[in-house]
1. Test of understanding: among Gly15, Gly53, Gly24, which residue is open to solvent by less than 40 Å² (accessible area, probe 1.4 Å) and out of contact with any Leu (no Cβ under 7 Å at 6 or more places or on another chain)?
2. Select from the range 56-75 the residues that are open to solvent by 70 Å² or more (accessible area, probe 1.4 Å) and part of a loop (DSSP other than H, G, I, E, B) and write down the one among them that is nearest to Asn31 (Cα to Cα).
3. Working only within the range 35-49, note down all residues that are open to solvent by less than 50 Å² (accessible area, probe 1.4 Å) and either out of contact with any Pro (no Cβ under 8 Å at 6 or more places or on another chain) or touching a residue at least 60 places away in the same chain (Cβ under 8 Å) (or both).
4. Just the residues that are in a strand (DSSP E or B), open to solvent by less than 60 Å² (accessible area, probe 1.4 Å) and not polar (S, T, N, Q), please, taken from the range 83-98.
5. Whether any residue in the range 15-31 is over 10 Å from the mean Cα position of the chain (by Cα) and polar (S, T, N, Q) is what I want to check.
Amino acid sequence: MARISVGRIGEIPVGEGRVVDAAGKALALFNVDGTYRAIDNTCSHRGGPLGEGDLEGTIVACPWHGWRWDVTTGANANNPAVKVACFPVTVEEGEIFVELP
């Protein structure tokens, strides 16, 4: 696995997300009550940018068509069998890292 720096704590407020670049791959990075979560940025419905969606608890809504995803598992909120990729996140000395396969 490749460990990629994607930002620093404090750059994403609690309850928000951002689109980040991880070695050329677009990820959606979220701050869920101080814990960082990363999923694929591309909604599997029509390719919307999940990092630009509204986060409520652990659920992000795609800004294009409202499909909802659990940022802790990558599962679709209405049909958990449908998933987007979810990536491990660690924080060390204020820096946020995502592990990519």
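1. Gly53
2. Among those residues, the one meeting the criterion is Trp67.
3. Tyr36, Ala38, Ile39, Asp40, Gly47
4. So the first thing to find is which residues in the range 83-98 are in a strand (DSSP E or B), and the list is 83, 86-87, 89-92, 95-98.
Narrowing further to those that are open to solvent by less than 60 Å² (accessible area, probe 1.4 Å): 86-87, 89-90, 95-98.
Answer for the range 83-98, where residues must be in a strand (DSSP E or B), open to solvent by less than 60 Å² (accessible area, probe 1.4 Å) and not polar (S, T, N, Q): Cys86, Phe87, Val89, Glu95, Ile96, Phe97, Val98.
5. No, every residue in the range 15-31 fails to be over 10 Å from the mean Cα position of the chain (by Cα) and polar (S, T, N, Q).
The values are calculated or read from the model by the stated rules, or taken from the named source; none is laboratory data. What you see is a predicted model, and the numbers here were worked out from it, not measured in a lab. Cβ sites come from the backbone with ideal geometry, for glycine too, and all protein chains shown count toward neighbours. Keep in mind that these areas ignore ligands, DNA and RNA; they rest on the heavy atoms of the full protein, side chains included. Shrake-Rupley method; radii C 1.70, N 1.55, O 1.52, S 1.80 Å.
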